[in-house]
Amino acid sequence: MTGRGRVRGNDYRVLAPDDHLTPRLTVSVVIPAYGGQDKLDLVLAALARQTYPAELTEIIVVDNGSVPPLRLPGGTSARLVRCERPGRAAARNAGLARATGDVIHWLDSDVVLTPGAIEAHMRWHHAAPYLVVTGYLRFTSADLPDELPDDLDKHFEPAEPHTWIVDLVERTGGLTDNPQRPFSLHVGGATSVSARLVEAAGPMDEELILGQDTEMGYRLAQAGAVFVPEPAARAYHLGPTMRMRDKQPIDRVSHAFVADRIPAYRWLRGHPGRQWKVPYVTVVVDGTRGYDAVRTTVDAVLAGTVPDVSVLLTGPWSTLDRDPRAPLLDPNLELVLVHGHYRHEGRVRLAETADVDPAVPFVLRLPAGWAPGEDTLARLLDLARDDGLGLVSVLLHESDADGVVSARLERASAFARARIVADPGEDLDDVVDEVSGVTWVEGETYGFTTEPGAPQGRRGAYRARVEAQEEAARLAKEAERLRAQVTKWREEAARWRKSTVELRREVGALRRQLAAVNRAQQGLRTLVSTTMKRALRKRLRG
């Protein structure tokens, strides 16, 4: 598979499935069911009309304890198995255990496929062996027919689309624009998965109450999956889903459990200090490199601003045989000290090999003796996540004597994909570069040092964050006070402007009155002057 056809990120467009497919892969359709015999009959009738060859199609119906038991209608090629353990995940796993196909097609017992749906799925699976393909569901409220109509669209339309999937696909360019969580597309109603991927990821998690589809989708992504939405794989869901009827309470229950298992759901992990079943990043350190060097590295990691972290310390821990009589002469004293110092730390696991839980999204392989700064790990994770990188190599030291000393931040899903598509003998890092991207950074720039120090860590960062939040709240309160003062001043200014207008009006009226008085006085003076003149002339004549 050198070069051609290798998917980078989730941009599956390079695969170009063949429209004129020569079918060769087998598919197992697994249908968990609990009651709903009338709907199941329609689902099986629709499967009998599929254009994909019947001889390559296996149908497994899992009766999850229905009373009365489900039956298979006459003429169907399906097999019926019974699963007494309640829950859709258990029923799907029971069907999966009996499936023999190259592809597993999950199908709910109330989803009626259009005739070309399975063929549309299988065109993609013939193009690459690491795909998850989801069809487009439409939710119909039409009355259930006694028999499956010839024209499904005419009977079941108008119907509502699977809105959130349509929105997800549209805002991410069909899931090709490096979306952060393409695994959300894995819905059990009408999704097909490469059987090799299922084998690598493992079966459905039966401990989960809800969210099993999404959680399995996450593990499939970790196993290297590419997620493909296929509009031609159309189907009708007979009635609304439980989530459509009760979205908020469903999400509330689901989030309470999947937060432990899906590190990519960062918004569910806002607590600054607690631990989770699957950490966001695991740091692998060689525990045999000396107590002081190991402690320098591990303590700095645990003190960083990324609380969602675990440490894997490798070493021959099971072979340690302490000498209680002369502990200072014990040839394994350094190992004994490392083991004793970290054996009860919940975030540290002592292991013989560097095998990391495949569900952990990021792995940092760090030489003992090198201490990351408080924000070092957070900055490296931001770089890998924002640029969609599969590997960030960190140059720590280079010399003629020691050669190159480096650390590696690996994205587990990128390495899983690379292992699937790599040719024999091909360098895995080169393949990771093709499917995800690789970069080098300077260790000093990212805060790595060999100087041991007293780590401040999360508590210091938490205190600083609390203080910053308090300061922000104080400034927000002060800003609110100033805004209120400004409003008060504006209101006062408006009153002043109004008073000014009124005063100007009063002054104008007074001026007019004064002018009238002046005119009256002038008239009076004129009258008095005239009268006096007349009286004077009269006196003089007399």
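In whole percent, what relative contact order does the chain give with Cα contacts below 8 Å and a gap of six or more residues?
Values: 942 pairs, mean separation 68.0, N = 542.
Computed value for the chain: 13 percent relative contact order.
Toward the positive end of the charge dipole of the chain, with +1 on the Cβ of Lys and Arg and -1 on the Cβ of Asp and Glu, the farthest Cα among Val298, Leu313, Gln180 is that of Gln180. Close lysine pairs were tallied over the chain: pairs 8 or more places apart or on different chains with Cα atoms under 30 Å apart number 6. For the range 277-354, the relative contact order works out to 38 percent when only alpha carbon pairs closer than 8 Å and six or more residues apart are counted.
Applying the Kirkwood pairwise sum to the alpha-carbon positions of the range 324-475 produces a hydrodynamic radius of 18.6 angstrom. In this structure the amide hydrogen of Leu312, modeled in the peptide plane, comes within under 5 Å of the amide hydrogens of Val283, Val284, Val285, Arg349, none closer than 5 places in sequence on its chain. Mind sorting out which of [x] 70, 45, 22; [y] 30, 29, 25; [z] 76, 28, 20 is the real semi-axes √(5λ) of the Cα gyration tensor in Å computed from the coordinates? From the options [x] 70, 45, 22; [y] 30, 29, 25; [z] 76, 28, 20, the structure gives [x].
Cα gyration tensor of the range 305-358, axes a ≥ b ≥ c as square roots of the eigenvalues: rounded (a/c below 1.5), prolate (a/b > b/c) or oblate? Write down the numbers at each step before the final one.
Values: a/c = 3.52, a/b = 1.99, b/c = 1.77.
It is prolate, given that a/c is not under 1.5 and a/b is the larger ratio.
Note on the chain: antiparallel DSSP beta bridges, both residues inside, total approximately 40 percent of the bridges counted. To put it simply, the accessible area of the range 1-121 at a 1.4 Å probe is 53 percent carbon and sulfur.
Three principal axis extents describe the C-alpha atoms of the range 138-239; from largest down they are 42, 32, 24 Å. Note on the range 207-338: the alpha carbon radius of gyration divided by the globular reference 2.2 N^0.38 Å gives 1.62.
Could you give the alpha-carbon Rg of the range 305-398 over 2.2 N^0.38 Å, rounded to two decimals?
My calculation over the Cα atoms of the range 305-398 gives 1.34.
In the chain, helices alone account for a calculated mean residue ellipticity at 222 nm of -13000 deg cm²/dmol, with every DSSP H run of four or more residues adding -39,500 (n - 2.57). For the range 46-90, state which GluC sites (Glu not before Pro) are in a DSSP loop and have at most 12 other beta carbons lying within 10 Å of their beta carbon. Of the GluC sites (Glu not before Pro), the ones in loops of the range 46-90 whose Cβ has at most 12 other Cβ atoms within 10 Å are Glu84. Rounded to the nearest 10 degrees, the angle from helix 247-258 to the longest Cα principal axis of the chain is 50 degrees.
Using only the alpha-carbon atoms, how far is helix 291-302 inclined from the longest principal axis of the chain? Give it as 0 to 90 degrees, nearest 10. Long axis of 291-302 versus the principal axis of the chain: about 50 degrees.
Among the GluC sites (Glu not before Pro) in the range 111-188, those located in a DSSP loop and surrounded by at most 13 other Cβ atoms within 10 Å of their own Cβ are Glu147. In the chain, a dipole from Cβ-located charges (positive for Lys and Arg, negative for Asp and Glu) runs towards its positive end, and of Trp496, Gly87, His121 it is Trp496 whose Cα lies farthest in that direction. Normalised by 2.2 N^0.38 Å, where N is the number of residues, the alpha-carbon radius of gyration of the range 262-337 equals 1.43.
The values are calculated or read from the model by the stated rules, or taken from the named source; none is laboratory data. Computed from a predicted structure; not experimentally measured. Every residue, glycine as well, gets a Cβ built from its backbone with ideal geometry; the counts of neighbours run over all protein chains shown. Areas reflect the complete protein model, heavy atoms only, side chains present, ligands, DNA and RNA absent. Shrake-Rupley method; radii C 1.70, N 1.55, O 1.52, S 1.80 Å.
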